[in-house]
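The values are calculated or read from the model by the stated rules, or taken from the named source; none is laboratory data. For clarity, every value in this text was computed on a predicted model and none was experimentally measured. We place every Cβ from the backbone using ideal geometry, glycine too, and count neighbours over all the protein chains shown.
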Amino acid sequence: MVFFALTAGAQAFNSVPNMAAAQAADNRIAFVTSRLYPLVGKRTVMKQTWVPVFVLCIFFSAPCLARADGGQRLYDQACASCHGDNGQGSNNAPSLIGKSASDIHLMLDTGRMPAAVPYVNEIHTTPRFTQAQMALIVSYVQSFSPKPVDSSLPQLGAGNIVHGRALFAENCAHCHGATGKGASVGANNVAPSLMHATVFQVAEAIRAGPENMPRFGSDVLSDQDVSDIARYVNYIQTQPEAPNGINAGGLSLGHVGPVAEGFIAWFFGLGALILFIRKIGTTT
């Protein structure tokens, strides 16, 4: 039973981004398990070997126990002061109970958490943790939930940028802007710029729905739709001058939308009209 529990724990941990060291620990557990399972049906042998078996269980389960301890240590140091010892939340931060793996990982991977100041719109910055540490924290935080929670992460495909552009305009541009530069959405809330988001982070945000952003489930956007949007965002980041890029059709004008365009139209257009009227109204 000990090994069944260890194997199940390893599988649950593998649902979040994993590192080579963690996988190696799981492989050691599987190796010892395969050698000891034949002993289960041999009572006489088990009576004689239960002590060394128990010792081996402790020895080979140490990496798994270290993972749990590492996640708790990181959480206690960086998260518990605001979110509570058991993720129950506080006056300074919301509860983490029931949060999906995508939601937790996105906040860590974009550097928004740990927050410097509670309840302030955090911007995308360099993450404080390594991917291995993020995996530990995600696994530990999800252990707070009494019920099973979504531990899956987005699976990205090649993507179709033309379809992604149409989906972005329909579902994302209202808040993030037509060029993904971000914009205010009212009540001191800001839809952040997407110019520094990775393809994976865009996909995570679509599935997680962080903060005021709606959550797009598979019933609204399929996995292929998510891949299309994420690839399109990467396209406008890396190829702004391309035919379908954000600078296609003329000058960028700072990517501030109709404000700049209206100013250019009024200032130069009206100015040219005044000069024309002046010209035709001049007498000799």
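Some points to look at:
- Residue check for residue 154: out of contact with any helix residue (DSSP H, G or I) (no Cβ under 9 Å at 6 or more places or on another chain) and in a loop (DSSP other than H, G, I, E, B): no
- Scope segment 157-178; condition under 25 Å from residue 191 (Cβ atoms), in contact with a Lys or Arg (Cβ under 9 Å, 6 or more places away or on another chain) and not in a helix (DSSP H, G or I); matching residues: 159, 160
- Considering residues of segment 94-144 that are surrounded by fewer than 20 Cβ atoms within 10 Å (Cβ to Cβ) and aliphatic (A, V, I, L, M) only, the residue farthest from residue 185 (Cα to Cα): 132
- Just one residue in the set 151, 145 is closer than 25 Å to residue 101 by Cβ and at pLDDT 90 or above; that residue is 145.
- Output for segment 74-123, where each listed residue is at positive phi and under 18 Å from the mean Cα position of the chain (by Cα): 98, 111
- The residue list 187, 191, 169, 208 contains one member that is without any contact (Cβ under 8 Å) to a residue 24 or more places away in the chain, surrounded by 15 or more Cβ atoms within 10 Å (Cβ to Cβ) and not assigned by TED's automatic domain parsing to the domain that holds residue 122, which is 191.
- The single condition from (1) under 24 Å from residue 130 (Cβ atoms); (2) out of contact with any His (no Cβ under 6 Å at 6 or more places or on another chain); (3) among the small types (Gly, Ala, Ser) that residue 93 fails is (2).
- Residue selected from segment 109-151 under the condition among the polar types (S, T, N, Q) and not in a helix (DSSP H, G or I), by the criterion nearest to residue 176 (Cα to Cα): 121
- Candidate set: segment 75-93, residues that are surrounded by fewer than 21 Cβ atoms within 10 Å (Cβ to Cβ) and of a type in the set (A, V, I, L, M, F, W, C); chosen: the one nearest to residue 200 (Cα to Cα): 78
- Flag not set for residue 226, criterion: outside the structural domain of residue 100 (by TED's automatic domain parsing) and in a strand (DSSP E or B).
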